[in-house]
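Here is the structure we will look at.
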Amino acid sequence: MKDPILITAAALTTMLLLVSPAGAQQVYPTVPDWVSADTPVSTGGALVDLDRDGWLDLVVANGNDMAQQPVTVYYNQGDGTFPPTPDWQSADTAFHGHLDVADVNGDGWPDVAVAVLGEFSTIDHAAKLYLNNNGTLSSLPDWQSNELANAFGCAFGDVNNDGRPDLAAATGWAYSPQHFFNNYVWINTGGMLASSASWMSDDDDHLQGVTWCDANRDGWLDLVGAASGSQTRVYANLGGTLETTASWSTTDGANQDSIMVACGDVTGDGYVDLIVADNNQIGGSGRFRQYDGQAAGFFSTTVGWSYLEGYASAVALADVDGDGDLDLATGAWWDNTRLFLNDGSGLPGSPQWSSAVTSVVEKISFGDVDRDGLQTAVESLPATGGHLFQLARRPIQEVLEVRLDGTPLAADAYTLHRDGWITTAVAPTSSLEVSYRWSNAPDMTVTNWDDTVGNFLYYSLLGPIFADGFESGDTSEWSATVPAGERRPAALTAAD
């Protein structure tokens, strides 16, 4: 092992660019390395280590509005590969929409929540939860909402900063005849979600996707909703209580058909930006749209960047080329998966990579399935007086340890989402130290609605390129200390 090297954040970025292979658009092969042999109507998807063996598994929710099908899991075979067919499936079936993952009961094992879409004449419990029992999900849901609705999207957040994950659901049926519902959040109390909604929107506009981010940088997660037939919007978090009428919305399209949203700093100015997949099947622009983060908080109300695709359906942000900034992956119905590689100041006008195959893309997920680019990060985050912190890397592959003022936290004392935010039940007085694994060569999965096509896995072609400029098969380590008032690490220590 070499002696540690102290380098500045700017120098690190330069190093990463220099060691990145020429022709950075060849991040993935254009044809998937793995295609599942089963071909359900797959929708929700996530890469998560369900059995905690150190290898990412793929959990998929099936059915959409086409068939009542189970939730399934492809367990990693311990060598970076998935089996051709799922190893596990739920005993219940439904018209499943999207899903999210969090440790709801605080036992250290990630649980899975699923939105239930239904179809033209079917309305079901808006969301349900499968608890993780030492690596295996419950065969039947351990929780389901009392509220009945058509719900396509769901996402875990922490509304009240108590370190426990709460669940939001996006509801509505935008096809004729339309079904109208409020949108919901269920608060986590004592390790289980409330049976009835703890929050509901005043409006019953159709939302098809939701996510959480601190849009106004006040230390509380706000709820972002992708709207169909109206404007994509943000319900601000007012010190632990969500407003019931959104205080921010887009103004450049009265009838968006937004299906999915993602948040992250794409422009590199330290402000979170909003990316929207705006479909044009029943309205909307057919564009992937970026709304820039503003110094005063929230986003621009008109688009700052866009790309025309048509049936735009999926967006995901991740640093796929290991250069330290967030890149954009997009998907559409009966179309290609595409990558827009960030040059450090924003997204290009055209994609640098497109798949050679087409599918009805529903969810794009990132993680190091074969573990060939894993690194271990240790971030020391100074106390701010609050409970919410943002890590420098995403997606988070594995949490190793969380220390609050030097004391290790139990799993039920914090929530760390793969998007890189963490909340703690107790606010630190000195610092929060987070040890975790991330990858600068993440692999990519795609779930497909088309029941003639399986789900896809693309292995990264970049390989294990580490922050110190050396290639190795071993895990690299780096640490970052973030001074108060700075958004990026001022100094990094890297060692191979």
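The values are calculated or read from the model by the stated rules, or taken from the named source; none is laboratory data. As the structure is a computational prediction, the values presented were derived from the model and not from experiment. Glycine also receives a Cβ, built like all others from the backbone with ideal geometry; neighbour counts cover every protein chain displayed. Note: areas computed on protein heavy atoms with side chains; ligands, DNA, RNA excluded. Shrake-Rupley method; radii C 1.70, N 1.55, O 1.52, S 1.80 Å.
Here are a few things to note about the model shown:
- Placing pseudo-labels 7 Å out from each Cα toward the beta carbon at T384 and T244 gives an inter-label distance of 2.9 nm.
- Carbon plus sulfur fraction of accessible area for the chain, probe 1.4 Å, in percent: 50
- Computed 3J(HN,Hα) for region 263-269, one whole-Hz value per residue from the Karplus formula 6.51 cos²θ - 1.76 cosθ + 1.60 where θ = phi - 60°, is 10, x, 7, 8, 7, x, 9, glycine and proline marked x.
- Cα gyration tensor shape of region 311-369, rounded if a/c is under 1.5, else prolate or oblate by comparing a/b with b/c: prolate
- Geometric descriptor of region 212-342, per residue, is 95 Å³ (volume of the convex hull of the Cα atoms).
- Placing unit charges on each Cβ (+1 for Lys and Arg, -1 for Asp and Glu) gives the chain a dipole about its Cα centre, and among Y28, L223, S139 the Cα reaching farthest toward its positive end belongs to L223.
- Overall shape: oblate for region 34-127, with the ratio a/c of the largest to smallest alpha carbon gyration tensor axis at 1.5 or above and b/c at least equal to a/b.
- A 1.4 Å probe, protein heavy atoms only, puts the accessible area of H98 near 20 Å².
- Around the amide H of E147, modelled in the peptide plane, lie the amide H atoms of A126, A197, all under 5 Å away and 5 or more residues distant in sequence or on another chain.
- Relative frequency of Cα-Cα separations exceeding 38 Å in the chain, percent: 16
- For region 70-139: relative contact order, % (alpha-carbon pairs under 8 angstrom, 6 or more apart): 24
- Rolling a 1.4 Å probe across the protein heavy atoms gives the chain an accessible surface of 34 Å² per residue.
- Whole-number percent relative contact order across the chain, with pairs defined as alpha carbons under 8 Å at least 6 apart: 15
- Paramagnetic reach from A411 (point 7 Å along Cα→Cβ, amide N under 16 Å) across region 61-104: 101-104
- Chain lengthening between A295 and T39 when straightened (0.36 nm per residue, less Cα-Cα): 87.6 nm
- When +1 charges are put on Lys and Arg Cβ atoms and -1 charges on Asp and Glu Cβ atoms, the dipole computed for the chain relative to its Cα centre reaches about 540 debye.
- Stretchable slack from T251 to V31, in nm (0.36 nm times residue separation minus alpha-carbon distance): 75.4 nm
- Amide H contacts of C213 (H built 1.01 Å from N, in plane; Pro and chain starts excluded): D222, V224 sit under 5 Å, all sequence-distant by 5 or more or on other chains.
- Gain in span if fully extended, N133 to Q77, counting 0.36 nm per residue against the direct Cα distance: 18.3 nm
- The mean sequence separation of alpha-carbon pairs under 8 Å and at least six residues apart, normalised by the residue count of region 185-321, gives a relative contact order of 18 percent.
- Estimated inter-spin distance, A356 and D204, nm [label 7 Å along Cα→Cβ]: 5.1
- Lys, Arg +1 and Asp, Glu -1 on Cβ, resulting dipole of region 153-296 about Cα centre, debye, nearest 20: 280
- Distance in nm between pseudo-label sites at L140 and T85 (7 Å out along the Cβ direction from Cα): 2.5
- Taking the Cα centre of region 192-274 as reference, the dipole from Cβ charges on Lys and Arg (+1) and Asp and Glu (-1) amounts to some 160 debye.
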